[in-house]
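Enquirer: One structure follows; several queries about it will come next.
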Amino acid sequence: MDNFWEITYVEIAARYSVVILCTVVFLALFELVTSYKNWDEIKKGNFAVAMATGGKLFGITTIFRYSIEHNDTILQSVGWGVFGYILLLLSYFIFEFLTPKIKIDEEIGNGNRAVGFISMLISVGMAFVIGASIG
């Protein structure tokens, strides 16, 4: 049975499955910390929410990309991916804190594309920094 997990296709499928599951869970956690419902707003055409959510999705998967690249086991990859996600979530709160004149969450929910775009870029940029750091 040990040889089964050494088959490249099995390992790829396992890592893929775990990352998909983690991504769904992490996006759900992001939904809990925002005042708006991501998928409802996206369905309504709120492009600011779509950009912010897309940035979070890209951020999560980028962190896992680095985590997979630099760790031998699925468990290590998930561990570093979870840690990276926590840092990405922290980045979201820091962004909100550093802009006291703008309520980021509220602006994105109201469709402010400029704020949604900056939020997306913060998620993308921080994902590269976090990913490079967790190797």
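Enquirer: Explain nothing, just the number: relative contact order of the chain, from Cα pairs under 8 Å at least 6 residues apart, as a whole percent.
Expert: Values: 151 pairs, mean separation 46.3, N = 135.
Result for the chain is 34 percent.
Enquirer: Out of every Cα-Cα pair in the chain, what percent are more than 22 Å apart?
Expert: 40
Enquirer: Each label point is 7 Å from the Cα along the Cα-to-Cβ direction; what then is the distance between the points at Tyr9 and Leu98, in nm?
Expert: Inter-label distance under the simple model: 4.7 nm.
Enquirer: Given R₀ = 30 Å, FRET efficiency for Leu75-Phe128 by Cβ-Cβ distance, to 0.05?
Expert: Computed FRET efficiency for Leu75 and Phe128: 0.80.
Enquirer: Tell me, what is a quarter of the convex hull surface for the C-alpha atoms of the stretch 1-78, in nm² with one decimal? It would help to have the intermediate numbers written out before the result.
Expert: Working: hull surface 24.3 nm².
Seen from a random direction, the Cα hull of the stretch 1-78 projects 6.1 nm² on average.
Enquirer: Follow-up. Which residue fluctuates most in the GNM of the chain (Cα springs below 10 Å): Ala52, Ala13, Ala114?
Expert: Ala13
Enquirer: Hey, in the GNM for the chain with a 10 angstrom Cα cutoff, which one of Gly116, Gly54, Gly45 fluctuates hardest?
Expert: Checking each option, the largest mean-square fluctuation is seen for Gly45.
Enquirer: Considering only protein heavy atoms and a 1.4 Å probe, what is the carbon-and-sulfur percentage of the accessible area of the stretch 90-135?
Expert: 69
Enquirer: Could I ask something else about it? Full extension from Phe83 to Lys44: what is 0.36 nm times the residue separation minus their Cα-Cα distance, to one decimal in nm?
Expert: Taking 0.36 nm per residue and subtracting the Cα distance, the gain is 10.8 nm.
Enquirer: To the nearest 500 deg cm²/dmol, what mean residue ellipticity at 222 nm is calculated for the chain from DSSP H runs of n ≥ 4 alone, each contributing -39,500 (n - 2.57), summed and divided by the residues? The partial results should precede the final answer.
Expert: Details: 6 runs with 108 residues, N = 135.
Calculated at 222 nm, the ellipticity per residue is -27000 deg cm²/dmol.
Enquirer: With every protein chain left in place, what is the accessible area per residue of the chain in square angstrom, probe 1.4 Å?
Expert: Details: 8070 Å² over 135 residues.
Spelled out: the 1.4 Å probe surface of the chain, per residue, equals 60 Å².
The values are calculated or read from the model by the stated rules, or taken from the named source; none is laboratory data. Predicted, not measured: the structure shown is a model, and the values here were computed from it. With ideal geometry, Cβ positions are generated from the backbone for all residues, glycine too; neighbour counts draw on all protein chains shown. Accessible surface areas use protein heavy atoms only, side chains included; no ligands, DNA or RNA. Shrake-Rupley method; radii C 1.70, N 1.55, O 1.52, S 1.80 Å.
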